[in-house]
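Beneath this line is the structure, given in structure tokens, with notes to follow.
The values are calculated or read from the model by the stated rules, or taken from the named source; none is laboratory data. Please read these numbers as outputs of a predicted model, since none were measured by experiment. Counting neighbours? That spans all protein chains shown, and the Cβs are built from the backbone with ideal geometry, glycine included.
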Amino acid sequence: MTEADTDLTIRLARKGDVVAILSLISEDESALHADRPDGDLTVYRHAFDEISADARNELFVAERDGTVLGTFQVTYIPYIFDGGRERALIETMFVAKSARGQGIGGVMIGFVLERARDRGCIMAELNSNKERADAHRFYEAAGFKCTHEGFKALL
């Protein structure tokens with residue numbers, strides 16, 4: 001059991017967490033995210049409202065002593081194959097730079113995998129930018145395997 005196991009709370013994000021979530025995203029080493037916690041937050045608050053209103057989406061934060069140290073989003077996707085069961089797509093998983101190496105990511109992964117199992121999902125999957133080598137090592141250590149090549153088209 002790590003220190004993070006005993007004093008970390010994972011909960012659904014609240015609208016007041018939007019700035020903290022954007023702060024975590026802006027720390028990403030790949031510098032591929034232009035999202036910043038300053039300026040007009042209207043579009044981010046709107047996105048938060050959309051996520052919160054959708055029963056197939058959940059946005060979480062991990063906090064200790066009232067400070068948000070991690071975040072992730074889960075989208076449950078129904079499939080026409082795999083017995084019609086859902087998959088849990090994990091996105092936007094970030095841990096504050098200052099809190100890395102404390103077991104927070106492991107607690108978050110454990111939480112989301114248990115939640116997906118409880119929901120009856122057949123699998124959990126995630127995407128990670130190719131430049132996030134440390135994150136890839138973490139995901140592989142958590143039992144994820146790189147089984148497919150992903151493609152995206154920016155619109």
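For region 16-52, how many residues meet the condition of being at pLDDT 90 or above, charged (D, E, K, R) and within 16 Å of the chain's Cα centre (by Cα)?
1
Taking interchain pairs and intrachain pairs at least six residues apart, which have beta carbon atoms under 6 angstrom, with the first residue in region 20-49 and closer than 24 Å to SER128 by Cβ and the second among the β-branched types (Val, Ile, Thr) and modelled with pLDDT of 90 or more?
Close Cβ pairs (under 6 Å, with a partner that is among the β-branched types (Val, Ile, Thr) and modelled with pLDDT of 90 or more) amount to ALA20/VAL68; ILE21/THR71; LEU24/THR71; PRO37/VAL19; TYR44/VAL18; PHE48/VAL18.
Is there any pair linking a residue in region 58-73 that is at pLDDT 95 or above to one that is of a type in the set (Lys, Arg) and surrounded by fewer than 24 Cβ atoms within 10 Å (Cβ to Cβ), with Cβ under 7 Å and at least six apart or on different chains, and which?
PHE60/ARG11; VAL61/ARG11
Regarding region 102-111, can at least one residue be identified that is touching a helix residue (DSSP H, G or I) at 6+ places or on another chain (Cβ under 8 Å) and not in a helix (DSSP H, G or I)?
Yes, because at least one residue in region 102-111 is touching a helix residue (DSSP H, G or I) at 6+ places or on another chain (Cβ under 8 Å) and not in a helix (DSSP H, G or I).
Could you tell me which numbered condition ALA141 fails, if it satisfies all but one of (1) surrounded by 12 or more Cβ atoms within 10 Å (Cβ to Cβ); (2) without any contact (Cβ under 8 Å) to a residue 40 or more places away in the chain; (3) more than 24 Å from ASP54 (Cα to Cα); (4) of a type outside the set (D, E, K, R)?
Single failed check for ALA141: (1).
Could you tell me whether any residue of region 123-146 is assigned to a loop (DSSP other than H, G, I, E, B) and under 12 Å from the mean Cα position of the chain (by Cα)? Write out each step before concluding.
To start, the set of residues in region 123-146 that are assigned to a loop (DSSP other than H, G, I, E, B) comprises 127-132, 142-146.
Applying the additional criterion that residues be under 12 Å from the mean Cα position of the chain (by Cα) yields 127-128.
Yes, region 123-146 contains at least one residue that is assigned to a loop (DSSP other than H, G, I, E, B) and under 12 Å from the mean Cα position of the chain (by Cα).
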